[in-house]
Amino acid sequence: MRRLSAWLLAPACLWTLACFLLPMGLMLAVSFASRGPYGGVEWTFTLGNYTELLDPLYWRIYGRSLLLAGATTALCALLGFPLAYAIAASPPPQQRLWLFLLLIPFWTNFLVRTYAWMFILRTDGILGSMLTMLGLSPTAFEVLYSDTAVLIGLVYGYLPFMVLPLYVALERMDPAWLEAGYDLYASDWAVFRRIVVPSARPGLIAGSVLVFIPSLGAYITPDLLGGARSMMLGNLIQHEYLVIRDWPLGSAASLVLMAGVLVGAAILFRNESQLSGARQRDEAASPPASPDVTGQTERGAA
Amino acid sequence: MEWIVELTDVVKRQGSTLAVNHLSLQIRRGEFFSILGPSGSGKTTTLRLLAGFDDPDHGDIAIGGRSMRQVPPQRRPVNTVFQQYALFPHMTVAQNVAFGLEMRDEPRSTIRRRVHETLAMVKLAGKDNRYPAGLSGGEQQRVALARALVNQPSVLLLDEPLSALDQQLRREMQMGLKAIQEQGGITFGCVTHHQEDALMLSDRLAVMREGRALQIGTPKEVYEQPADAWIADFIGLSNSLRGCLAAVNGMSCTVQVPGLAGAEPITVRQPGRWQEGAAVILVVRPERLRLSRERAVGSGLNQVRARVADVRYGGSELHHRLRLSEQIEWTVNVMNSGSDQKPFIMGEELFIAWGEQDAVLVAG
């Protein structure tokens with residue numbers, strides 16, 4: 001049995017080794033090398049790539065990336081929560097339909113969908129001309145090639161990643177908990193804050209991670225929808241690799257991004273596992289379905 | 001005022017059926033009142049109407065003399081112990097119990113004291129910081145009880161309170177609930193399909209079927225004087241004979257049962273309201289029957305002949321299936337007291353005897 005499972009694991013292990021660990025190791029090595037005069041990699045050890053990343057020139061890019069990824073996560077949570085709640089609260093056959101509709105956009109290439117957003121957000125695009133027709137846009141409609149456009153694109157792209165885990169968490173919520181809340185004098189707001197949100201917490205955390213991390217390293221969206229000044233970390237890395245051909249600096253930036261994400265996720269999951277750990281410890285501590293001590297004294301008295 | 005809960009002609013539709021069908025009943029201040037019925041009888045719907053989770057389509061519900069129309073659950077003087085407890089899984093025991101008091105903005109010191117007292121009352125002292133998932137079924141049940149009781153509601157609603165507990169815990173909780181009721185101040189409204197719970201706990205109970213209350217009375221009245229054959233059958237075991245009223249003589253009725261071997265007329269002592277010739281069903285509880293090999297002597301005894309179809313060993317009792325005729329079969333449980341009488345065996349002929357005050361007549 002054990003021999004068999006080792007064989008079954010082998011392909012995945014090989015795949016990970018070849019396609020993930022090897023390039024990662026290569027990147028790590030390159031990040032300590034220096035750029036050759038014509039863009040090659042020269043194997044002389046240096047920490048210069050990492051110190052260069054501390055240059056204030058790049059801080060704007062880090063700041064914008066964090067801000068946009070944070071705003072994307074917040075907006076996805078804000079938009080996704082009511083949506084996930086509505087789906088979870090609808091009857092099961094409808095639930096399947098809504099989830100299906102939510103996933104339909106994935107049938108089309110993300111690049112193509114981002115181009116579609118360019119058409120929508122262009123000054124004389126669909127949204128702009130509609131607003132002008134309605135007389136709502138007295139000045140020229142200028143959204144494309146701005147941080148706003150990037151934010152719209154990111155929220156659009158990553159919303160399903162927020163909605164799905166939220167839906168899973170909310171779907172497991174027992175409607176009786178809400179009734180118990182109302183029965184115990186809670187207002188709608190108190191029921192939402194004290195019962196619904198905590199129930200959705202694992203979904204909210206999973207969704208936030210799934211939205212924040214790819215947003216932080218997003219490349220296509222800021223490249224197509226953002227302006228020249230809307231560079232994000234993903235574009236920086238792409239720029240270093242392909243335009244300036246400074247592979248060592250690009251590698252260093254990639255690794256820093258990855259390390260940052262890893263540290264953030266570790267903190268988040270550690271807090272979460274402490275909380276659920278406490279609940280599970282209780283679970284392990286209680287003898288299953290055995291008459292408890294207080295019960296026995298009661299029987300003794302009788 | 002005597003009544004704390006009054007339902008007047010309450011109707012609740014569910015789809016095309018009437019889940020609650022012109023129901024009127026009153027609950028006395030301080031009593032333990034149960035609604036007993038099979039699933040689908042409308043008892044849970046009635047509880048939800050009382051708690052305010054649903055609104056009646058017709059009729060009125062008053063609690064403490066105040067109409068509950070347009071009053072949401074938050075503002076009703078009732079608290080509910082839910083069937084599956086509905087404890088908040090992300091809160092500790094103490095946080096669960098404190099929830100209602102917090103929502104009413106009680107001062108922190110009061111909350112701490114009351115939570116502490118209530119947990120002690122339900123024998124959960126020291127479990128304040130545990131999470132519900134780590135508690136046994138009986139403990140979860142007591143947290144649910146504490147969470148409702150801590151608010152000192154005028155009426156405590158219980159939805160199948162003991163259904164998830166095993167027999168031993170069930171007995172303990174029955175005693176616990178009675179003890180809390182006897183401390184006074186709280187009226188209990190309980191919904192259950194479990195007849196033993198209803199009989200043991202209730203001061204009065206309503207038997208509900210298809211949205212109507214068929215009979216309301218003390219457990220003794222409902223068990224010993226069932227209003228109809230369905231109730232007699234639903235509550236406890238019962239044996240019945242279908243017959244026709246041959247004679248009515250003051251308190252004494254004579255019933256003729258066709259198809260019974262040795263068809264002697266059977267007498268039943270029961271206050272009148274019966275007419276001669278009426279079709280009736282005679283109901284006797286198994287524990288009122290005595291079995292013997294010889295014809296018993298004594299006045300006021302009814303006796304029928306039967307053949308033992310089956311004997312089952314049930315520990316404290318021996319269960320006999322007895323055939324009175326081709327169609328009529330009775331169940332008689334005899335205490336396994338290990339006494340003088342030699343056990344009956346399959347195929348044996350015997351006499352079943354009962355006193356004329358031991359049976360009841362219901363309309364046939």
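One table, with the values for the structure above:
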quantity	calculated
Distance between modelled label sites at A:A29 and A:W59, nm, 7 Å Cα→Cβ extension	3.6 nm
Inter-chain shielding of A:189-197 (mean C-beta neighbours from other protein chains, 10 Å cut-off)	2
Relative frequency of Cα-Cα separations exceeding 32 Å in segment A:61-272, percent	30 percent
For segment A:173-197 versus segment B:120-195, the gap between their alpha-carbon centres in whole angstrom	21 Å
For segment B:7-111, the fraction of alpha-carbon pairs in successive 5 Å shells from zero, as %	2, 10, 18, 20, 18, 13, 10, 6, 2, 0, 0
Set of lysines near B:K178 by C-alpha distance (under 27 Å), chain-local residues within fewer than 8 positions excluded	B:K43, B:K123, B:K127, B:K220
Inverse of mean 1/r across different Cα pairs in segment A:184-240, Kirkwood, Å	14.0 Å
Rg/Rh (Cα only; Kirkwood hydrodynamic radius) as it applies to segment B:215-283	0.98
Size-normalised alpha-carbon gyration radius of segment B:100-218, reference 2.2 N^0.38 Å	1.16
Computed Kirkwood radius, in angstrom, where 1/r is averaged over Cα pairs of segment A:1-125	20.7 Å
Spatial separation of Cα centroids for segment B:260-326 and segment A:78-139, in angstrom	76 Å
Segment B:13-50 and segment A:206-269: distance between their alpha carbon centers, rounded to Å	62 Å
Accessible area per residue, Å², segment A:61-272 with all protein chains present, probe 1.4 Å	50 Å²
Overall dimensions of segment B:165-255 by Cα: Rg and Dmax, Å	16.8, 51
Shielding score for B:160-172, defined as the mean number of other chain Cβ atoms within 10 Å	2
Value of [θ]222 nm, deg cm²/dmol, for chain B, DSSP H segments ≥ 4, -39500 (n - 2.57) each, nearest 500	-6500 deg cm²/dmol
Equivalent ellipsoid dimensions for segment B:253-307 as semi-axes, Å, which come from the Cα gyration tensor, largest first	22, 14, 11
Relative frequency of Cα-Cα separations exceeding 17 Å in segment B:1-44, percent	40 percent
With every protein chain in place, segment A:125-194: carbon and sulfur % of accessible area (1.4 Å)	66 percent
Trypsin sites (Lys or Arg not before Pro) lying in DSSP loop within segment A:208-276, provided at most 10 other Cβ fall within 10 Å	A:R229
Buried area at the B-A interface (accessible, heavy atoms, 1.4 Å probe, summed, Å²)	3200 Å²
Histogram of C-alpha separations across segment B:3-226, 5 Å bin width, %	1, 7, 15, 19, 20, 16, 12, 7, 3, 1, 0
Unit Cα scatterers, Debye sum, segment B:237-363: log10 I(q)/I(0) for q = 0.11, 0.21 Å⁻¹	-0.38, -1.23
Value of Rg/Rh across segment B:301-364 [Cα atoms, Kirkwood radius]	0.99
Largest-first ellipsoid semi-axes for segment B:160-317, taking √(5λ) over the Cα gyration tensor eigenvalues, angstrom	35, 21, 14
Equivalent ellipsoid dimensions for segment A:158-273 as semi-axes, Å, which come from the Cα gyration tensor, largest first	41, 15, 10
Computed over segment A:105-172, Kirkwood Rh from alpha-carbon pairs, angstrom	13.7 Å
Whole-angstrom Cα spans of the protein assembly as shown along principal axes, big to small	124, 70, 53
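The values are calculated or read from the model by the stated rules, or taken from the named source; none is laboratory data. From a predicted model like this one, the values you see are computed outputs, not experimental measurements. In this analysis, Cβ positions are derived from the backbone assuming ideal geometry, glycine residues included, and neighbour counts consider all displayed protein chains. Heads up: the accessible areas ignore ligands, DNA and RNA and are worked out on the full protein's heavy atoms, side chains in. Shrake-Rupley method; radii C 1.70, N 1.55, O 1.52, S 1.80 Å.
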